[in-house]
Structures are given as C-alpha cells and as structure tokens.
Amino acid sequence: MSIMNSGIGRTITWITALFAVVLPLSACGGAAGGADGGGEVTTIRYQSYAGAVDPLQLADALGYLEGLELEKVGDTTGGPMSLQALASRQTDIGASAFFGAITQLVATGVPIKAVVPMYGSLNGLDQKLVVPADSPITSARDLIGKKIAVNTLGANSEAVLDTWFEQEGLTQEEQDQVTLVVLPPLNTPQALEEGQVDAAVLAFLGYQQAAKSMELRTVVTDVDVVGPYSGGGMSMRTDFMEQNPETTKTLVEGIARAVNFVETHDKQEVFDVLFPYLEEHGYGDYVEPVEANFPGTLGVPAEPVIEDKDIELWLDWLESRGDVDTGAIDASDVYTNEYNPYAE
C-alpha cells in the first residue's frame with residue numbers, strides 16, 4: 001500500500017514524479033505532434049479507464065472521428081497517471097483527469113490544456129465518503145488518526161476531503177493525522193471489512209461494487225462539500241494542437257458530440273452503439289462491467305463546455321497547499337474551448 005500523510009507531501013510527491021519523467025523527454029526533443037512530411041497526425045494514441053464508457057471510443061463508434069484512427073496504449077488507473085502519459089508524449093490526448101491536477105501542471109509550466117469536460121457530479125452523481133454501517137465515524141473530526149482509501153493521490157478525492165476538513169475546522173496538524181491509502185476500488189470492500197482502512201471515497205462504480213459485499217453508511221458527499229460541479233476532463237498538449245489543428249478540431253468535436261450523445265440518450269442506446277465497437281476492437285471483456293456499472297450519465301452538461309468556475313473551484317485549495325500562486329495564473333490559462341462546437 002502507498003500511504004502519504006501530509007496534504008502538501010501528497011501533492012508534491014506526484015507532481016515531482018511527473019517532472020522527473022517529463023523534463024528529460026522535453027530536453028531530448030520528443031515528437032512534437034506533426035506527422036512526417038509535414039502532414040497532420042491522424043493516428044491518436046490514448047488510454048482509457050477499464051469498465052467505463054469512454055467518450056473517445058464512443059465518438060469513434062458513432063463515426064464522429066472521420067479520417068482519424070485510434071491506437072490504444074493501455075488503461076489508466078487515475079488522472080495523474082493519464083497526465084503523466086500525456087505530458088511525456090506517450091499519448092496524444094489525456095484520459096479524464098481532475099481539473100485541479102491539470103491546473104497544477106499548467107501553473108508549473110507543463111504545456112497542456114483541458115479541452116472537454118468528462119466527469120462531474122451533475123444529474124445525481126456524486127462521490128461518497130463511506131464507512132462500514134457499524135462504524136462510530138460520523139464527522140470529519142472522527143477521522144483524525146484514521147485511514148481513508150482513495151483511488152489515487154493529487155486528484156478529486158483529495159481536494160474534496162481537504163476542503164471538507166477546512167470547512168469542519170480541522171487544523172493543518174489535525175489534517176496531517178488523516179492518512180490517505182491508495183487502493184483500487186475493487187480492493188476497497190475487503191480493506192474496509194478487515195479494518196485495513198476506516199473509510200473510503202468511492203465514485204459510482206466503486207460504490208456499487210462495495211455495496212454488493214457489505215453494508216455502507218455515507219458520511220459526506222462531494223456535492224455536500226462543494227455543490228454540483230464538473231470535476232475533470234480530457235486534455236491535450238498545446239504543441240500538438242498548434243501543429244495539428246484540423247486533427248484537433250475533429251478529435252475534440254467528436255468527443256464533445258459523444259458526451260452529448262450520452263447525456264441525451266438512455267444508456268441502452270449508448271450500449272447499442274458502444275458494445276459492438278468494443279467487441280470488434282478486442283475489448284469484449286469490458287462489456288459486462290460497463291453494463292453492470294454505468295449509471296447512464298457522465299455527470300456533466302449535455303453541451304459539455306469548460307467554464308472558468310470549473311477551475312476556480314479548486315484554486316484556493318491549490319494555493320493553500322503551496323501548489324499554485326493564484327496571482328500568477330488565470331482559470332482561462334488551464335483550458336480551451338476553441339475546438340468545442342458547443343462553445344460557439
């Protein structure tokens with residue numbers, strides 16, 4: 001298990017690890033995006049989340065990516081991992097990542113921008129901080145000295161927890177006594193049952209899995225803490241966008257239209273398009289978990305446009321951790337709607 005105590009230590013650890021990979025590659029002048037011979041890149045390398053509806057794959061299935069070919073280079077377990085793959089040129093578009101994490105990287109000079117919102121807490125979705133039903137934990141203060149399972153560090157769960165702790169009046173010293181334990185959602189129920197962790201932050205899929213094996217009680221949700229919000233999205237390197245404007249337009253427009261399709265059709269209609277595509281491309285083992293766990297929405301608006309407020313929501317948290325000087329970055333530096341058809 002990977003366990004980090006201090007909020008500052010947690011965020012610095014993952015961002016330092018990212019730069020250890022990114023900077024040497026930048027110095028070596030890795031592929032910037034344009035295809036050989038001066039044409040635009042048409043093969044798009046990407047990662048996805050296993051068992052989740054991927055709007056990029058759905059866009060391809062719907063025929064929205066005309067002229068482009070997708071090349072999957074693996075699955076990702078969290079936003080920081082997907083951002084590392086993007087910044088180090090292993091992928092051309094980053095799988096969905098927390099807007100706060102994207103903001104951190106932009107503020108430290110990594111040349112990326114968010115391009116499409118991809119997940120959120122709208123339409124009844126939320127992330128829940130849960131405990132076993134018989135746990136004595138009922139408040140933030142009860143978590144001092146306890147362990148909380150999260151799927152990754154430096155991302156949405158950590159930001160919401162830190163914000164909640166501040167709201168509940170915990171001092172920094174008290175917050176530092178709360179230990180975050182990185183666990184895959186499928187391992188979380190056993191860890192809760194065996195007392196390896198005292199609580200867990202779970203999104204829809206993780207909660208569905210955990211609730212099958214034990215009785216849970218929700219202590220607080222992200223919506224309780226910050227209200228409904230768009231939490232994260234896909235991002236791209238700015239040099240790729242500049243050197244491949246037509247490819248970028250097709251890609252971003254296709255993904256945005258696929259998100260719209262999800263939010264304006266029932267989930268069976270989504271499955272009817274996506275599942276044959278997954279089978280055809282060798283991802284048939286993804287069908288069953290998607291069918292069992294997809295809630296029918298991504299939790300974002302049907303016209304998926306990034307707004308300043310989506311970034312501003314996390315700026316105070318980032319500044320309180322020493323990760324971002326809010327006077328040196330504007331929300332608009334973190335994203336672009338230039339290629340998004342719903343922004344026109």
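Scanning segment 276-294 for residues that are within 21 Å of the chain's Cα centre (by Cα), touching a residue at least 60 places away in the same chain (Cβ under 8 Å) and in a helix (DSSP H, G or I) turns up Tyr286, Pro289, Val290, Ala292, Asn293. Residue check: Glu312 meets all listed conditions (1) without any contact (Cβ under 8 Å) to a residue 24 or more places away in the chain; (2) more than 30 Å from Asp162 (Cα to Cα) but one, namely (2).
The residues on offer are Asp285, Asp323, Asp272, and the sole one that is closer than 17 Å to Phe99 by Cβ and outside the structural domain of Gln208 (by TED's automatic domain parsing) is Asp323. If you go through segment 250-271 and pick out every residue that is among the basic types (Lys, Arg) and within 16 Å of Ile306 (Cβ to Cβ), you end up with 1. Among the residues making up segment 146-195, a single one is surrounded by 15 or more Cβ atoms within 10 Å (Cβ to Cβ) and at positive phi: Gly154.
Has segment 185-197 got any residue that is under 26 Å from Asp316 (Cβ atoms), outside the structural domain of Ile311 (by TED's automatic domain parsing) and assigned to a loop (DSSP other than H, G, I, E, B)? No, segment 185-197 contains no residue that is under 26 Å from Asp316 (Cβ atoms), outside the structural domain of Ile311 (by TED's automatic domain parsing) and assigned to a loop (DSSP other than H, G, I, E, B).
Listed by position, the helices (runs of 4 or more DSSP H) inside segment 49-120 whose residues that are farther than 22 Å from Tyr286 by Cβ number at least 1 are 79-87, 99-107. Would you call Asp239 touching a residue at least 24 places away in the same chain (Cβ under 8 Å) and surrounded by fewer than 22 Cβ atoms within 10 Å (Cβ to Cβ)? The answer is yes for Asp239.
Restricting attention to segment 211-227, and to residues there that are under 23 Å from the mean Cα position of the chain (by Cα) and exposed (fewer than 15 other Cβ atoms within 10 Å of the Cβ), which single residue is nearest to Tyr49 (Cα to Cα)? Here the residue is Ala211.
Could you say whether any residue in segment 235-257 is over 29 Å from Asn337 (Cβ atoms), aliphatic (A, V, I, L, M) and at pLDDT 95 or above? Scanning segment 235-257 turns up no residue that is over 29 Å from Asn337 (Cβ atoms), aliphatic (A, V, I, L, M) and at pLDDT 95 or above. Here Leu129, Leu143 are screened, and the one residue that is crowded, with 22+ Cβ neighbours inside 10 Å, touching a strand residue (DSSP E or B) at 6+ places or on another chain (Cβ under 7 Å) and farther than 27 Å from Tyr49 by Cβ is Leu143.
Against the conditions (1) within 20 Å of Ala87 (Cβ to Cβ); (2) crowded, with 16+ Cβ neighbours inside 10 Å; (3) of a type in the set (A, V, I, L, M), Val305 satisfies every one except (1).
The values are calculated or read from the model by the stated rules, or taken from the named source; none is laboratory data. None of these values were measured; they are calculated from a predicted model. Because the Cβ atoms are built from the backbone with ideal geometry, glycine has one as well, and the counts that use them run over all protein chains shown.
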